[in-house]
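Colleague: Okay, here's the structure, questions in a sec.
Just so you know, all these numbers are worked out from the coordinates, no wet-lab data involved. Predicted, not measured: the structure shown is a model, and the values here were computed from it. Neighbour counts run over all protein chains shown; Cβ positions are idealised from the backbone, glycine included.
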Amino acid sequence: MLAGRIETHGVAAGSLGAPLWGFGPRDRLDAICLAGANLIPFARRGHEAAAAAAFADRARRSGRRCSTIVGPAPSVAPLWQLLAPHWGPPRDLRARQPLLAIDGPPAVTAEPRVRPVHPSEIEVLMPAAIAMFTEEVGVSPLRVDGGAGYRARVAELVRAGQSLAWIEDGEVVFKAEIGAVSRAACQVQGVWVAPRHRGRGIGQSGTAAVVEYARQCIAPVVSLYVNDFNAAARAAYARVGFRHVGTYSSVLF
């Protein structure tokens, strides 16, 4: 989530699009936190509490500018504990989101109709992207700036070859994005199946196609995180071949 942005843009706020805070002694970095539209902390094991105290102090002084705090649960939990009296209550708290990964071929047959979205298809893709965001986050992405920022992000992923879909007769049947990319790994997000096509295993075969594409074209390890209460999605990802490698947390405002 952070590595790819730093690999691509470096650590300067101007190129990253947000300040990157660091924590640790002069000769060692024990934690970092990207303070943008999402507040994303990451601390080395054993340094979570101390880093959270430093980052919480900085965040309180800056005021809340993020819509979400998201990252590894051991880094998010102590940070939110310190910020909650000042920023709470959140709109939603998702304390346990299993982080899943796959580093080999999918265990199920991939849907051959899933492919990279062409820039000319953005208008076809947008209603599905908006529906997915609204279902997952609980609010419409159009509520802020009329959706201009969200549309720009969708278009950016399409141009980068990181938006995949099965589009048939002008309708998006399945879609997903590869939102975070580093040399070692990438992260899938926004997996969505059109409501009238659900219950047919399309999410499973579509995700398998995304895994194949990502491992061939982007990075050898493919990850995603899922809500712990979404038993159907967790079971589908397990059948694809994903394994549980960690836990994320999200605080939504």
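Colleague: Report the trypsin sites (Lys or Arg not before Pro) located in the range 1-52 that are in a DSSP loop and have at most 10 other Cβ atoms inside 10 Å of their Cβ, or state none. Walk me through the numbers on the way to the answer.
Modeller: Working: sites: ARG5, ARG26, ARG28, ARG44, ARG45; in loops: ARG26, ARG28, ARG44, ARG45.
The qualifying sites are ARG26, ARG28, ARG45.
Colleague: Hey, another quick one. Based solely on C-alpha atoms, express the radius of gyration and the Dmax of the range 115-246 in angstrom.
Modeller: 14.2, 39
Colleague: Among GLY161, GLY149, GLY241, determine the one that fluctuates most according to a GNM of the chain built with springs between C-alpha atoms less than 10 Å apart.
Modeller: Looking only at GLY161, GLY149, GLY241, the largest GNM fluctuation is found for GLY149.
Colleague: Among HIS118, HIS197, which comes first, then next, by fewest other beta-carbon atoms within 10 Å?
Modeller: Lowest to highest Cβ neighbour count: HIS118, HIS197.
Colleague: Can you pull a Stokes-Einstein diffusion coefficient for the range 118-196 at 25 °C (0.890 mPa s), Rh from Kirkwood over Cα pairs, as a whole number of µm²/s?
Modeller: Result for D is 190 µm²/s.
Colleague: With Cβ to Cβ distances under 11 Å as the rule, what net charge do the other residues near SER163 carry (K, R +1; D, E -1)? List each step's numbers first, then the result.
Modeller: Values: positive: ARG115, ARG153, ARG159, LYS175; negative: GLU121, GLU156, GLU177.
Its environment carries a net charge of +1.
Colleague: Output wanted: per-residue J couplings in Hz (rounded whole) for the range 184-195, from phi through Karplus 6.51 cos²θ - 1.76 cosθ + 1.60, θ = phi - 60°, x for Gly and Pro.
Modeller: Per-residue couplings from phi come out as 8, 7, 9, 10, 7, 9, x, 5, 8, 10, 4, x Hz.
Colleague: Next question, about the same structure. Using only the Cα atoms of the chain, construct the convex hull and provide its projected area averaged over every direction, in square nanometres to one decimal.
Modeller: 13.7
Colleague: Hey, what angle do you get for helix 122-137 against the long axis of the chain, alpha-carbon based, 0 to 90 degrees rounded to 10?
Modeller: Taking Cα atoms only, the helix is inclined about 50 degrees.
Colleague: Near GLY46, within a Cβ-to-Cβ distance under 15 Å, what is the net charge of the other residues, with Lys and Arg +1 and Asp and Glu -1?
Modeller: Spelling it out: positives minus negatives among the neighbours equals +1.
Colleague: Could I ask something else about it? Once fully extended, how much extra length lies between VAL245 and THR109, figured as 0.36 nm per residue of separation less the alpha-carbon to alpha-carbon distance?
Modeller: Full-extension gain reported as 46.6 nm.
Colleague: While we're on this one: Please rank THR68, THR8, fewest neighbouring Cβ atoms within 10 Å first, as an exposure proxy.
Modeller: THR8, THR68
Colleague: For LEU99, enumerate residues with amide H under 5 Å from its amide H, sequence gap 5+ or separate chain, H modeled in the peptide plane.
Modeller: Sorted by chain and number, the residues that satisfy this are VAL245, GLY246, THR247, TYR248.
Colleague: With a sphere of radius 14 Å drawn around the Cβ of ARG196, what net charge do the other residues whose Cβ falls strictly inside it have (Lys, Arg +1; Asp, Glu -1)?
Modeller: Result for the local shell: -1.
Colleague: Sort SER120, SER15, SER67 by Cβ crowding within 10 Å, fewest neighbours at the top.
Modeller: Starting with the residue having the fewest Cβ neighbours, the order is SER120, SER15, SER67.
Colleague: Relative to the present Cα-Cα distance, how much length would full extension add between ARG61 and ALA238 at 0.36 nm per residue of separation?
Modeller: 59.5 nm
Colleague: Convert each backbone phi in the range 107-119 into a coupling constant with the Karplus relation 6.51 cos²θ - 1.76 cosθ + 1.60 (shift: θ = phi - 60°), then list the ³J(HN,Hα) values in order as whole Hz, x for Gly and Pro.
Modeller: Using θ = phi - 60°, the values come out as 8, 10, 5, 7, 6, x, 8, 7, 8, x, 6, 7, x Hz.
Colleague: When you count, for each residue, the other Cβ atoms within 10 Å and take the mean per peptide, how do 205-212, 94-101 rank with the highest first?
Modeller: 205-212, 94-101
Colleague: So who's got an amide H within less than 5 Å of the one on VAL191, skipping anything under 5 residues away but keeping other chains? H placed 1.01 Å off N, in plane.
Modeller: It is GLU177, by chain and number.
Colleague: Something else about it: For the range 172-236, I need the span (max minus min coordinate) of the C-alpha atoms along each principal axis, in Å, sorted largest to smallest.
Modeller: Sorted from largest, the Cα extents of the range 172-236 read 36, 25, 16 Å.
Colleague: Any chance you could give the angle, 0 to 90 degrees and rounded to 10, that helix 148-159 forms with the longest Cα principal axis of the chain?
Modeller: Tilt of helix 148-159: around 60 degrees.
Colleague: Would you calculate a helix-derived [θ] at 222 nm for the chain, using -39,500 (n - 2.57) for each DSSP H run of n ≥ 4 and dividing by the full residue count, to the nearest 500?
Modeller: Rounded to the nearest 500, it is -11500 deg cm²/dmol.
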